[in-house]
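Below you'll find the structure, written out as structure tokens, and then a few comments.
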Amino acid sequence: MSNSFFMFKQFTVYHDKCAMKVGTDGVLLGAWAPVNNAKRILDIGTGTGLIALQLAQRNQHSKITAIEIDTVAADQAKENIQQSPWGDRIKIECVDFRNYQSEDKFDLIVSNPPYFMDALKCPDKQRNMARHSGGLNYDSLFRHAAHLLCEEGVVSLIIPSETEKAVIDAAWQHHLFPLHRTQVFTKPEKPCRRLLLTFSFQEKDCIEENLCIKVNHNEFTPEYTALTKDFYLKM
């Protein structure tokens, strides 16, 4: 049986009530997203609150709104936030992103979105909501994000590599263009399974990078260690 919580260097995330547990994808996005100049941040589909907590740790001046459609997960995220050092800077809202409204614009919008767009669904309704796109597809994600993003702001996602064309096409429809693209490899000999992508309203040359997580005898690469060392206890 897996643990009901995951300890990081500066906070602990309980995830026993959430469909999607703490995983590498979330940690990668939380460590990679460009947070330095972001005063206002929106986390779409926060789940446990993991990414919001990472961003709060990385930028001590940011105000973060984290939204979650599942009430049980939202409640657990609130508990995780309250027990963290940054409870005064992170607000959890239980709402469908398609219905979310804000008077203020955001400098950074992040999401580890539902990703099994065409896969067979499992009997667990909560897990289905977290893992399948359902009503929130990439088009609706970018459509609403574009209205909430400030002119110089960016949207950062982690996605399965096979959905890249659909994601970029959906972003383009809403005048958002790739700014930074990182291919993630579990090991050098393995194919790319995940992509980290950042989009902006400005059409510029896209920065292209590769990130390999492990080499040799399951040793973490220096690049992955450098990216995640502020969070993982084992780093």
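Here are some notes:
- Mean separation of Cα pairs under 8 Å and 6 or more residues apart, divided by the residue count, gives the chain a relative contact order of 17 percent.
- Of Lys63/Lys187; Lys21/Lys165; Lys21/Lys91, those spanning more than 24 Å from alpha-carbon to alpha-carbon: Lys63/Lys187; Lys21/Lys165
- Kirkwood hydrodynamic radius over Cα pairs of segment 74-115, then Stokes diffusion coefficient at 4 °C and 1.567 mPa s, in µm²/s: 105
- Taking label positions 7 Å along the Cα-Cβ direction at both Glu203 and His217, the computed distance is 5.2 nm, reported to one decimal.
- Cross-link partners of Lys234 among lysines, defined as those whose alpha carbon lies under 18 angstrom from its own and excluding same-chain residues fewer than eight positions apart: Lys9, Lys214.
- Separation of alpha-carbon centers, segment 34-67 and segment 186-208, rounded to whole Å: 21
- For segment 1-113, share of DSSP beta bridges that run antiparallel, in % to the nearest 5: 20
- Legend: calculated FRET efficiency, Phe177 to Thr24, from the Cβ-Cβ distance at R0 = 35 Å, rounded to 0.05, equals 0.85.
- Sorted peptide list for 46-58, 215-227, criterion being average Cβ within 10 angstrom, highest first: 46-58, 215-227
- Cβ crowding within 10 Å, taken as a proxy for footprinting-reagent exposure, orders Phe142, Phe97 from fewest neighbours to most as Phe97, Phe142.
- Membrane-span-like helices of the chain, defined as complete DSSP H segments with a Cα extent of 18 Å or more along the helix axis and a mean Kyte hydropathy of at least -1.0, are absent.
- Here's the picture: a label point sits 7 Å out from the Cα of Thr186 along the beta-carbon direction, and within segment 23-41 the residues with their amide nitrogen under 13 Å of it are 24-25.
- Cα-derived Rg over Rh, computed across segment 5-228 with Rh taken as Kirkwood radius: 0.94
- A Cβ-based charge dipole, computed about the Cα centre of the chain with Lys and Arg at +1 and Asp and Glu at -1, lands at about 540 debye.
- Multiplying the residue separation of His61 and Asn99 by 0.36 nm and removing their Cα-Cα distance gives an extension gain of 10.9 nm.
Every read-out reported here was derived from the displayed coordinates using simple, explicitly stated rules and does not represent laboratory data. All figures in this text were calculated on a predicted structure; none of them were measured in a lab. Here the Cβ is made from the backbone with ideal geometry for all residues, glycine too, and neighbour counts use every protein chain on show.
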